């Protein structure tokens, strides 16, 4: 009898699942073999251990739940002891810790101030001024950028003014990108730039002003298509409170931001979009919004100026819809997107590393 | 003070992990223990931990066939908590305990020794379970803790048939056994 068979028999015997004849045979064998007997005893106690482990765990969780319920129902309240008693308690408890902490703090402070006087360079006042000038020049630069971005100001929502910038991302590795339609408003020529700074000429192949999606195709001869996209496209909306993140170009360098899904509808209950709480800036428009599995759940489109951190994204199922209409009007069209993400089980920073290669800055030359 | 029939039923029910009974005992006794711990240099969290550990002792005793509760649940819980908290205070070298006039104390030292032993075993099993990894952990739990049969398990874990699942379970059990006894014998 092999080990597996034997173990199974022992277990059946212990659970009383053997029939009479089998049981008799087993007990006989057990009497004749000290080894088998030993195995039965060991097995029994081991399985009891496992079962006890399970029971205890369940009991602990019941206790935990009970405590939680009673606390919520107000049966368990925090005891208020008199302030002075509390302070004396705290003092007597932490007296030793406090003494040690104070002396360590003292020594460290002396040590550090010694080190600082020893090593700090004698800073001339010029350096500091220069720094300030740099800051102000940076400020000027960024205000120029802001002004430029404001040119794309949309007039869709007069009540809640929204600002736009330009990001796009690959939906098909052959060179098809998705972005927000409003980013391309009044465009004469469109360039997209990848995270390494390479620029490619692109053109609009389809756009839907209502859903605020546009699909671009890179027409540049320099563009080399990549094999496969790491992320997939979700057909359904993520649940409320699920963490999401986005990548975009609010400045020349790619920027990562994270937040969560706060509502399944957009501004004034718009069902084409959803609401996120995430920090986004002009320039993030058109960027992908991904969930923790690395699936694109939407395209970042706008933020509400009157509230902080409230951002709207067009749901990704609208991309599917738009592609469907494209296919209907042009049968030669071969844009394909898939819903399985290959970065599902890797950590966030590795995900981002893979995703950022497919996120492009959109540069619009106005006509 | 003797023990009523009602208390006996509640005591048995705790061993069976019955929610209503646990909640009842919790409601009736938590306040006293909380008061005791918080007024003796403890925090709210200490009170909760001590009380839940005492409930655990009660649970173990209820499961033990040869144990008979001879005093009220309240008295037993208080005695256990008192002992546990005193030990914790001594451990932290804070022995300024206000001795309360509570004459209903039963000796629980032996019970606590048993409890310590069982807790150690539980922790060893927990560590071993943590080390065998998935799907072994879920497989073993499904069979021995949730008492699912092999057909269900095969379906749930995506094995082609019950025999495959059985085979896998056996391998997992052997690994778990090795991990468990490696620690257990060290104790």
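The values are calculated or read from the model by the stated rules, or taken from the named source; none is laboratory data. Only a predicted model underlies this, so the values are computations on that prediction, with no experimental measurement involved. A quick note on method: Cβ atoms are made from the backbone with ideal geometry, for glycine too, and the neighbour counts reach across all protein chains shown.
With the structure loaded, tell me whether residue A:56 is facing chain B (nearest Cβ under 9 Å), touching a helix residue (DSSP H, G or I) at 6+ places or on another chain (Cβ under 9 Å), surrounded by 15 or more Cβ atoms within 10 Å (Cβ to Cβ) and without any contact (Cβ under 8 Å) to a residue 60 or more places away in the chain or whether it fails that test. Yes; evaluated as a whole, the condition is true for this residue. Of the helices (runs of 4 or more DSSP H) lying entirely inside the range B:128-187, those carrying at least 3 residues that are over 21 Å from the mean Cα position of the chain (by Cα) and surrounded by fewer than 16 Cβ atoms within 10 Å (Cβ to Cβ) are B:150-157, B:162-184. Is there a residue in the range A:17-38 that is within 13 Å of chain B (Cβ to nearest Cβ) and in a helix (DSSP H, G or I)? For the range A:17-38, residues within 13 Å of chain B (Cβ to nearest Cβ) and in a helix (DSSP H, G or I): absent.
Taking the range A:39-53 as the range and being more than 9 Å from every other protein chain (Cβ to nearest Cβ) and closer than 15 Å to residue B:118 by Cα as the test, the residues that pass are A:45, A:48. Scanning the range B:9-68 for residues that are part of a loop (DSSP other than H, G, I, E, B) and closer than 20 Å to residue A:55 by Cβ yields B:16, B:17, B:18, B:64, B:65, B:66, B:67.
Look at residue B:74 and say whether it is assigned to a helix (DSSP H, G or I), away from every other protein chain (no Cβ under 13 Å) and touching a helix residue (DSSP H, G or I) at 6+ places or on another chain (Cβ under 8 Å). The answer is yes for residue B:74. Condition (residue is under 21 Å from residue A:340 (Cβ atoms), surrounded by fewer than 21 Cβ atoms within 10 Å (Cβ to Cβ) and under 25 Å from the mean Cα position of the chain (by Cα)) applied to the range A:252-271: is it met by at least one residue? No. So is residue B:117 modelled with pLDDT under 90 and closer than 23 Å to residue B:36 by Cα or not? Taking the combined requirement at face value, the residue does not satisfy it.
Evaluate the following for residue B:52: is it within 19 Å of the chain's Cα centre (by Cα), within 12 Å of chain A (Cβ to nearest Cβ) and at pLDDT below 90? Judged against the criteria, residue B:52 is not a match. Look at the range B:32-45: where a residue is within 7 Å of chain A (Cβ to nearest Cβ) and a partner is surrounded by 21 or more Cβ atoms within 10 Å (Cβ to Cβ) and at pLDDT 90 or above, sitting 6+ places away or on another chain with Cβ atoms under 8 Å, you get B:34/B:47; B:34/B:51; B:38/B:47; B:44/B:34.
Taking the range A:173-199 as the range and being free of Cβ contacts under 8 Å to residues at least 40 places away in the same chain, under 24 Å from the mean Cα position of the chain (by Cα) and within 21 Å of residue A:317 (Cα to Cα) as the test, no residue passes.
Candidates are the residues of the range A:67-80 that are at pLDDT below 90 and surrounded by 13 or more Cβ atoms within 10 Å (Cβ to Cβ); the one that is farthest from the chain's Cα centre (by Cα) is A:79.
Among the residues of the range A:1-28, the ones that are touching a helix residue (DSSP H, G or I) at 6+ places or on another chain (Cβ under 6 Å) and more than 27 Å from residue B:164 (Cα to Cα) come to 0 in all.
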